[in-house]
Structures are given as C-alpha cells and as structure tokens.
1. Phe21 versus (1) surrounded by 15 or more Cβ atoms within 10 Å (Cβ to Cβ); (2) in contact with an Asp or Glu (Cβ under 7 Å, 6 or more places away or on another chain); (3) not in a strand (DSSP E or B): which is the lone unmet condition?
2. Scan segment 54-72 residue by residue and report those that are assigned to a helix (DSSP H, G or I) and not acidic (Asp, Glu).
3. In segment 102-112, is there at least one residue being among the charged types (D, E, K, R), assigned to a loop (DSSP other than H, G, I, E, B), under 22 Å from the mean Cα position of the chain (by Cα) and at pLDDT below 80?
4. What pairs can you find where one residue is in segment 22-37 and at negative phi, the other is at pLDDT 85 or above and acidic (Asp, Glu), and their Cβ atoms are less than 8 Å apart, with a gap of 6+ or different chains?
5. Out of all the residues in segment 85-95, is one or more more than 16 Å from Leu23 (Cα to Cα), among the basic types (Lys, Arg) and either touching a His at 6+ places or on another chain (Cβ under 8 Å) or modelled with pLDDT under 75 (or both)?
Amino acid sequence: MIEAYVPSHCFAAIDRKVQSFDLVSYWITKENEQQKLMRILVKTENAEEILNYLESVTNRTEGFEVMLFSVESYMNRKQESQDKRDQQRAEKEAIKIQRASRHELYEEIGAKSGLDVAYLTFALLAAIVVMIGLLKNSAAIALAAW
C-alpha cells in the first residue's frame, strides 16, 4: 500500500496520472485544507512504477510526502468468475521469478548495514595482526590482515 500526502493545489493532475496505473484499490481522504491523503493499494509488481512517478513529483513539489507499507492481507468481495481469473493469474505469477523492488532493497540493506559484534571483533583481530606485522617490520603480514 502506498500512502501519499498530496498538496491540494496539484492534486487533480496527480490524481489523474495515478488512476492511469493498474490499481487494486484507491481511497482519497481530505486531511486538511492544504493536503489530501491518497491511499493506493497495488500489486507488488506494479508498485515500483507508481513509486518512481510519485518520487519524481515529490522532488519538485513542496509538502508532498510518500510512504510505502507492506500489506499482510486484503479482503474484497468478488464475483465467482473474477475469483477464477484471479486464481489462474496467481498460478501464472507463481511460476514467475519474484523480484524485490528498489525500495524494499534499500530497506533491507539499511537494516543490515549497522555495526555488530562480529564485524567489530573481526576489525579488532585484523588491527592486532597489522600491529604484529609492523612490529616485525613485515609488510606482507600487515597487508594480509586487511
């Protein structure tokens, strides 16, 4: 799910463009006089295209904010024929290779890029080996530590 706080003065143009994408569901709420909240439910494979568009608008529009949320479940009452088509589509998509979006990759890398005990221990041991290499006046030992 994508949530976008859109300034009222540019809402109409953005609304038209967003509705041209393949959406599962779409809600609009008036937050205040200056902003409207746009909630957009999309399939994973369509999220990146919409986020790229919203990111380009965000960079040039003051007061525009976009957030991406993962959705665990979504329930909607559908007709039986729609369910069969969705099931066939789901079977085809299950065969496809799943790929993470750019924003999911950023989040994953950010979560794993901190300092931890293993890294600090490795750095300390490498510094000790370098020190031994310098004390023995051996460039090979000092360079091998890094």
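The values are calculated or read from the model by the stated rules, or taken from the named source; none is laboratory data. Because the structure is predicted, anything quoted here is derived from the model rather than measured. Cβ: placed from backbone, ideal geometry, glycine included. Neighbour counts: every protein chain shown.
1. All conditions pass for Phe21, except number (1).
2. Leu54, Ser56, Val57, Thr58
3. no
4. Note: pairs meeting the criteria are Ile28/Asp15; Leu37/Glu3.
5. yes
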